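In what follows, a structure is listed as structure tokens, so that the remarks can point back to it.
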Amino acid sequence: MAALDLAGAGARVRRLVLAQVRNVQTVGIYRGDECMAVVYFGRHGWRRTEMALSIAPAARQHMGRLVRMAQLTLFAMAETHLIVARIRSSNHAGQRMAMLVGFHAHGNFEPGVWILRKGRHGRDPRSRQGGAKSSRGTEGATGGGE
């Protein structure tokens, strides 16, 4: 039910979410009785795990906690699996959250695919988006994902 609540009202998206819930491991993250996020883990082959994420608007104030929870969970999974996420180039909030967790855009692998890199979450996020030199700016942290 939490996955459908976060999917919105569109019939097509709701059907896709139901198929996702049936076919991959799904985890709900709650604060009290309220669902903050739903995480989907799909296996691709023997070693690759793809992660997808739906975040409730109410989770905005808890992004720091969600990022830390994702780091702890995904870094442990990355010991035995390649963890990837697909993020559209137009999804700036999803890219920002992926960078905070430790994902690195990897266009050579497949366009829109981000790969988790342990030990890189402390670097400047802009340096992970194609190797451009970073400059200090005032980028807002909005968090979010696909």
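The values are calculated or read from the model by the stated rules, or taken from the named source; none is laboratory data. Bear in mind that the values here come from a model prediction, so they are computed numbers and not experimental data. Ideal geometry is used to build each Cβ from the backbone, glycine not excepted, and the neighbour counts take in all protein chains shown. Surface areas here come from the heavy atoms of the whole protein model, side chains and all, with no ligands, DNA or RNA. Shrake-Rupley method; radii C 1.70, N 1.55, O 1.52, S 1.80 Å.
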Fill in: Lone qualifier among G64, G32, G102 - being crowded, with 21+ Cβ neighbours inside 10 Å and more than 26 Å from V13 (Cα to Cα)
G102
Worksheet entry | Selected residue [touching a strand residue (DSSP E or B) at 6+ places or on another chain (Cβ under 9 Å), open to solvent by 60 Å² or more (accessible area, probe 1.4 Å) and under 15 Å from L116 (Cα atoms)] from M51, M69, M77 | M69
Fill in: Where a residue in the stretch 86-102 is free of Cβ contacts under 8 Å to residues at least 24 places away in the same chain and its partner, wherever it lies, is open to solvent by 20 Å² or more (accessible area, probe 1.4 Å), with Cβ under 7 Å and at least six apart
S89/G112
Response to the item:
Exactly one of R22, R96, R12 is out of contact with any strand residue (DSSP E or B) (no Cβ under 7 Å at 6 or more places or on another chain), assigned to a helix (DSSP H, G or I) and at pLDDT 90 or above, and that one is R96
Fill in: Scope the stretch 35-48; condition on the phi < 0 side of the Ramachandran plot and open to solvent by 40 Å² or more (accessible area, probe 1.4 Å); matching residues
R43, H44, W46, R47, R48
Worksheet item: So which pairs qualify, if the first residue must be in the stretch 1-20 and within 16 Å of P57 (Cβ to Cβ) and open to solvent by less than 60 Å² (accessible area, probe 1.4 Å), the second must be of a type in the set (A, V, I, L, M) and part of a loop (DSSP other than H, G, I, E, B), the Cβ gap must be under 6 Å, and the two must be at least 6 apart or on different chains?
Response: L6/A56
Worksheet item: Among the listed residues T73, T49, which satisfies the condition of being of a type in the set (S, T, Y) and in a helix (DSSP H, G or I)?
Response: T73
